[in-house]
Every structure is written in C-alpha cells, then in structure tokens.
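Each reported figure results from applying straightforward, stated rules to the coordinates on display, with no laboratory input. Everything numeric in this text was worked out from a predicted model, so none of it was measured. No Cβ is skipped: glycine too gets one built from the backbone with ideal geometry, and neighbour counts run over all protein chains shown.
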Amino acid sequence: MQSVAETHPPDICLLLRAHSEQSWLTSRLVPVLADLERPGCIPEDQLGAALAYLEILWLDARSKASETDAARAQLGPEPAATDELYESALAYHAAVARLRGELRRRVGGLIRTRVFADSREHASS
C-alpha cells in the first residue's frame with residue numbers, strides 16, 4: 001500500500017497533514033484543555049487524572065506536529081511562478097503552527113501551575 005507522500009504532490013500532502021493536525025487539536029485537545037481551564041469544571045479529586053490525560057494528549061499533539069513539519073520540509077522552495085496550492089499549503093501550515101504555539105503556552109501553564117501546587121502541598125505535609 002502506498003503512503004500519502006507517494007501518491008500526492010508535496011503541497012497536497014502538507015494540506016492534508018495540516019488539516020489533520022488542526023482537526024485533531026480542536027476536537028481532542030482543546031475540549032480537555034478548556035475543561036481544565038474552567039474553574040470547578042473538573043472535581044478536585046479528578047484533576048490529577050485529567051492533567052495526566054492532557055499530558056498524554058500533548059505528547060500525541062507533538063507527534064502530529066512533527067508529521068506536519070516533515071510534510072512542510074518536503075514542500076521545498078517556492079516555485080518561480082505563482083502557485084495558489086503551494087501558497088495555500090504554506091498559509092495553512094502557518095495557521096496550524098500558530099494554533100500549536102498558543103496551545104503549547106496554555107498546556108504548559110496548566111502543567112506548571114499544577115506541579116507548583118503539588119510541590120507546595122508536599123512541602124506543607
């Protein structure tokens with residue numbers, strides 16, 4: 001069976017990868033992140049498990065980002081003539097990279113806050 005890269009040109013591959021990553025981030029990671037950011041949405045006794053799940057999702061997100069970035073690397077230099085598909089692929093990749101960066105900041109903030117709270121709890125025990 002041929003891979004996507006073997007059957008589609010690089011610009012199509014990048015569009016497909018970027019769309020897949022964006023769709024996965026918004027349907028899988030963002031809802032969990034939003035619940036964790038909303039005070040009282042997750043019971044305190046389930047917060048540790050929810051944060052652990054978020055960390056697992058973030059590892060998956062990093063893997064998907066690597067695949068998208070690899071597809072971007074395969075795109076190569078800008079063609080001499082205007083190529084709308086090429087430009088669309090670059091723009092979609094840039095948008096997904098911005099989303100990824102914002103989510104990295106939010107996920108990191110939650111995890112750092114929880115680690116700090118846990119260390120303070122253990123220090124006072």
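In this simple spin-label approximation, L85 and S63 carry label points 7 Å from Cα along the Cα→Cβ vector, and these lie 3.0 nm apart.
Across the chain, C-alpha contacts under 8 Å between residues 6 or more apart give a mean separation that, scaled by the residue count, equals a relative contact order of 39 percent.
Suppose only helical runs count, i.e. DSSP H with n ≥ 4. What mean residue ellipticity at 222 nm does that imply for the chain under -39500 (n - 2.57) per run, divided by all residues and rounded to the nearest 500 deg cm²/dmol?
Details: 5 runs with 100 residues, N = 125.
After summing the helix terms and dividing by residue count, I get -27500 deg cm²/dmol.
Taking 0.36 nm per residue of sequence separation and removing the Cα-Cα distance, the V30/R112 pair yields an extension gain of 27.7 nm.
For the chain, a Gaussian network of Cα nodes joined below 10 Å ranks L85, L15, L36 by mean-square fluctuation, and the top entry is L85.
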